[in-house]
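Here the structure is laid out as structure tokens; the discussion comes afterwards.
The values are calculated or read from the model by the stated rules, or taken from the named source; none is laboratory data. The model shown is predicted, which means the values in this text are computed figures rather than measured ones. A quick note on method: Cβ atoms are made from the backbone with ideal geometry, for glycine too, and the neighbour counts reach across all protein chains shown.
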Amino acid sequence: MMIGSGAARRPLGRTTIHVAIVMSLAFALLAGAAGYWGMVRAPELVRSPNDAAVIAAARTVPRGLIRDRTGRLLADNKKDEHGEFYRVYAGSALSQVVGYASPTFGRAGLERAYDAELTGLAGDPLTDAFAKFGAKRYDPKDLTVSLSLDLQRAAVAALGKRRGAVVMLDPRTGEVLALASTPSYDASAIANPDTARAAFSALQADPALPLLPRATLGRYVPGSVFKIATAVAGLGSGAITPRTTFKQQPAAEKNGLLVEGYRVQDGHHPATGTTALDLVGATEVSCNIYYALTGLETGGADLVAYAERMGFGSPLPFDLPTAVSQVTNGEGRQPGGFADDVELANASYGQAETFVTPLQMALVAATVAHDGDLMRPRLVTSLTGDLSGSRTIGAESMGRVISATDARAINAAMVRAVEGPLGRQYTSGAKVAGVTTAGKSGTAELGGTGEPHSWFIGFAPAENPRVVIAVLVEQAGRGGEVAAPIAGDLMTLYLKGPS
Amino acid sequence: MTQDATGMTRETRGPALPRVLGPIRPRPRWVESRLLALVAIALVVGSLSLGATVNGTFRLFDARGLAIYLGALLAAHVAQVLAGRRTDQVLLPTVAMLGGISLLLMQRLPQDLVTQTFFGVTLGLAEVQLVWLLCALAVATTLGIVIRSDSWLRRYKYTWAAVGVGLLLLTFVFGTEINGQRLTLQIGPFSGQPTELLKVILVVFLAGYLSENRALIVEQDTRLGPLRLPPLPYLAPMVAMWAIALGIVVVQRDLGAALLFFGVFLAMLYVATGRLSLVVIGLVLFVLGSALMATLFDHIRTRVDIWLDPFVDPLGAGYQIVQALHAFARGGLVGVGLGAGLPEIGGRPPIPEVHTDFPLAALGEELGIVGVVAILGLFLVVVERGLRIGAAAADDFRSLLAVGLALVIGIQAFIIAAGNLKVLPLTGVTLPFISYGGSSLLANALVVGLLLALSDKGVEPPPLPRVSSRWRRMGRTSAA
């Protein structure tokens, strides 16, 4: 081998070009990263409460106001002795929805979800691009929400010292009328810089979790209110008709329903005797066996699929963050993710691995109330800014879940559950006087010795529903006895005004 | 004319000492003057925009500072014209643009971020930076005019290496610790960061070493199982470099400098030998070293964790980088305009150390993606000019020297820009020509000055290749 020949003599130009190419690619990568942060991630980052511009604006620009559906102020601004603004709220009934905005403790609720709009940073990209060069850099927007302050206060008062949640909405538009969670807290105390620290640490230490908005983020065993979802899936998939009965049902009520060697037990309904119940009859007496059989007939895949059409399985398209409701934990190998038919049978009346938020159950009732067409739930109905003008957020459908015929069949069954001769005995107090009322109570067994969760979902007037309600009271006893009267009172208040 | 003729012969014979004085024949530099005019226009427009945003009046933001800077650019240009050398005409305007951007940025930041008192006069951030920019211009221009011989670099490469290691050791032992990093060496009233100078010394040494031993590294193999390695003795510098890089990380906690040194080393090794296997081995060593470091040292693991997901703790550990990313996001495509960004919280800019570590994020907010890409483009121009000078150089030493110097700027800019953009973990190296800081500006001016000098093909030819002692031992004679 001859040293000093060949490659050694090779000029350096070739390798230098390689290095030039690598450097160019490296810098192109940087340009790509700049594009990623400046364009792709920008919409999310500039709205974040950690953004310096958001923080700076919060101190110098008054936030947009928040009003209820009648124009009453829910969130207002005051100035402290340093000239910086802080928030004042219309009472503690709203705190779980409106939330708070504090320079020290961040934001919650609508104050967090609409932080960018309230501080006046967000707009459509085009307006933003021009606003950059304008004299006025911030355009805080006032929010109007669909809540009724009266109804909200009444709902919180009805729950009283108990832990629970009330969701009321208009099934025709999806407008949320009340979104109450108890225990609540005083958001003004967190927003006020003088009291913020003490108030916040007290709330954090409270074992009742007052900072948790139960209506949207609490997940509960639904019990019998879930039967309405099973009915939706059963009718929607064609597995049952309103006239379907199950021969084995009356006997199974006495001896238990044998599913894969495991007995699904249900107390015998004394008044029904040996009659095989149809949809209306089974709903009136809340027959677990009927719904277990309906669920088995429907199959896990369709049960989950119809539940997902109503919002199960993913966060709801709502103004506030929501917990994900589930029919099953999805770990099983059977269709829909059920472990076996026993789980499917139990889930069909809401007692297996089924966990739901009160808002989700309100949507199940709203599906029935609006003839199978589920409207997207929403709080903010309009945004108004000095520069950008007013923008209304209209009603929109989440899609048709079942046919109007099927929905009316369930509607009729739910009327019987409230107004039927047997239903009245189970679901007392839900009836709105003089108005046909539909509903379903639920008593969610938690296992062990604790009291069950008390549930009610329903709507009125049944012929042309204007209000849907879901009531949950944690560990308060039978749904018909605790949740149903609260629902009746609140629907009465909304439909007839304060008496 | 006899004088000229004798001058010429003296030059071609190549005296050992740099020739400063000689016949001066002015030579116009049209490309440079046009580019500098463009730079001046851009900076004036920038200053007007800054003034309009901050003061609301259509006047230059800090007319005096800008005038001094533009005057200095003119002086540098005139000096080069008068010197009459055929040196590169793009480098100076490119660097002048970067420096001008730096000046506008420093003028726009709170002036009390840095205050220094020289001879009883207290200067704020922009004024101190202006002083350093002027010094840097003077250094670059002077070197570009004066240096006509490279023998002082070529001959004494081991001396330079010794000086470098000495500087490093001095910093290890006597360095002042700031923010947990031992980077600064204080001698009397003067303080500086020796690693900035060290990177130049490293390139000089590597250029000397590699140009001399390149043939051997390329041609000879040591077989180690399936691996074909270069002759083992020639791996020694690689191991030494690796050790020095690790030393810098451990003792100085300066990840950025270690990354820079190792990156420059690998790139130069590749340029000299064309052996990708060496680069791969180097990278493997580097990854192993980094993994070892990450398991041994908490502060490095923390850095890596922050890099992987800074949004876990946006107000704590990840604060700086999260705020930088927010700045890029606020800037969007075209930026919010000079002076309109960096919303102050309690009178402070949102990004701590914005003037040293995060100037690119600040510029990203105010000039947008367009501005960032333009600035990255300017750095690429510097690199491209350097590589071009290297490719056209008369021999291997000059080639490698120019390539190495260009890469020092390019890789350093990449490391800190990548840190700002969360492409790499954040390290504390400066953004060349833009970050605040005298050591950085002067060292990078030294690089530019050397590149300018190297770009002149009219200077004395390089000496004949020396036959290395190893060749002689092997009984070979020069192929020439």
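Observations, loosely collected:
- Residues that are crowded, with 18+ Cβ neighbours inside 10 Å and more than 8 Å from chain B (Cβ to nearest Cβ), drawn from segment A:37-48: A:Arg47
- Enumerated helices (runs of 4 or more DSSP H) restricted to segment A:21-113, each holding at least 2 residues that are over 25 Å from B:Ala327 (Cβ atoms) and hydrophobic (A, V, I, L, M, F, W, C): A:95-98
- Scanning segment B:367-419 for residues that are closer than 18 Å to A:Leu29 by Cβ, of a type in the set (S, T, N, Q) and within 9 Å of another protein chain (Cβ to nearest Cβ) yields nothing.
- So B:Val408, is it touching a Lys or Arg at 6+ places or on another chain (Cβ under 6 Å) and either at negative phi or touching a residue at least 60 places away in the same chain (Cβ under 8 Å) (or both): yes
Table: residues versus (1) at pLDDT 85 or above; (2) out of contact with any Asp or Glu (no Cβ under 9 Å at 6 or more places or on another chain).
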| position | (1), (2) |
| --- | --- |
| B:Gln107 | yes, no |
| B:Leu143 | yes, yes |
| B:Gly188 | no, yes |
| B:Glu196 | yes, yes |
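- The set of residues in segment B:379-419 that are among the aromatic types (Phe, Trp, Tyr) and modelled with pLDDT of 95 or more comprises B:Phe379, B:Phe414.
- Subset of segment A:230-257 (residues that are touching a strand residue (DSSP E or B) at 6+ places or on another chain (Cβ under 6 Å) and crowded, with 24+ Cβ neighbours inside 10 Å): none
- The numbered conditions (1) surrounded by 22 or more Cβ atoms within 10 Å (Cβ to Cβ); (2) under 30 Å from A:Val54 (Cβ atoms); (3) more than 10 Å from chain A (Cβ to nearest Cβ); (4) over 15 Å from the mean Cα position of the chain (by Cα) are all true for B:Ile434 except (4).
- The listed residue being within 17 Å of A:Val285 (Cβ to Cβ), touching a residue at least 60 places away in the same chain (Cβ under 8 Å), small (Gly, Ala, Ser) and in contact with a Ser or Thr (Cβ under 8 Å, 6 or more places away or on another chain), out of A:Ala231, A:Ala239: A:Ala231
- Filter result for the condition that a residue is surrounded by fewer than 22 Cβ atoms within 10 Å (Cβ to Cβ) and either in a strand (DSSP E or B) or at pLDDT 95 or above (or both), over A:Gly399, A:Gly394: A:Gly399
- A:Pro250 meets the conditions (1) within 22 Å of A:Leu422 (Cα to Cα); (2) under 33 Å from the mean Cα position of the chain (by Cα); (3) not in a loop (DSSP other than H, G, I, E, B) in every case but one. The failed one is (2).
- Just one residue in the set A:Lys161, A:Lys227 is at pLDDT 90 or above, of a type outside the set (Ser, Thr, Tyr) and crowded, with 20+ Cβ neighbours inside 10 Å; that residue is A:Lys227.
- Selection status of A:Glu117, surrounded by fewer than 22 Cβ atoms within 10 Å (Cβ to Cβ) and either under 23 Å from B:His326 (Cα atoms) or in contact with a Cys (Cβ under 8 Å, 6 or more places away or on another chain) (or both): no
- Taken over segment B:284-338, the criterion of being more than 14 Å from every other protein chain (Cβ to nearest Cβ), in contact (Cβ under 8 Å) with a residue 40 or more places away in the chain and small (Gly, Ala, Ser) is satisfied by B:Gly289 alone.
Condition check ((1) of a type in the set (Gly, Ala, Ser); (2) surrounded by 24 or more Cβ atoms within 10 Å (Cβ to Cβ); (3) part of a loop (DSSP other than H, G, I, E, B)) across all residues:
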{"position": "A:Glu308", "(1), (2), (3)": "no, no, no"}
{"position": "A:Pro317", "(1), (2), (3)": "no, no, yes"}
{"position": "A:Leu344", "(1), (2), (3)": "no, yes, no"}
{"position": "A:Val368", "(1), (2), (3)": "no, yes, no"}
{"position": "A:Leu383", "(1), (2), (3)": "no, no, no"}
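- Test: residue in segment A:175-184 that is out of contact with any Asp or Glu (no Cβ under 8 Å at 6 or more places or on another chain), free of Cβ contacts under 8 Å to residues at least 40 places away in the same chain, surrounded by fewer than 19 Cβ atoms within 10 Å (Cβ to Cβ) and not in a helix (DSSP H, G or I): no
- Taken over segment B:266-282, the criterion of being more than 13 Å from chain A (Cβ to nearest Cβ) and touching a residue at least 12 places away in the same chain (Cβ under 8 Å) is satisfied by B:Ser277, B:Ile281, B:Gly282.
- Among the residues of segment A:57-70, those that are more than 30 Å from A:Arg153 (Cα to Cα) and surrounded by fewer than 19 Cβ atoms within 10 Å (Cβ to Cβ) comprise A:Arg59, A:Thr60.
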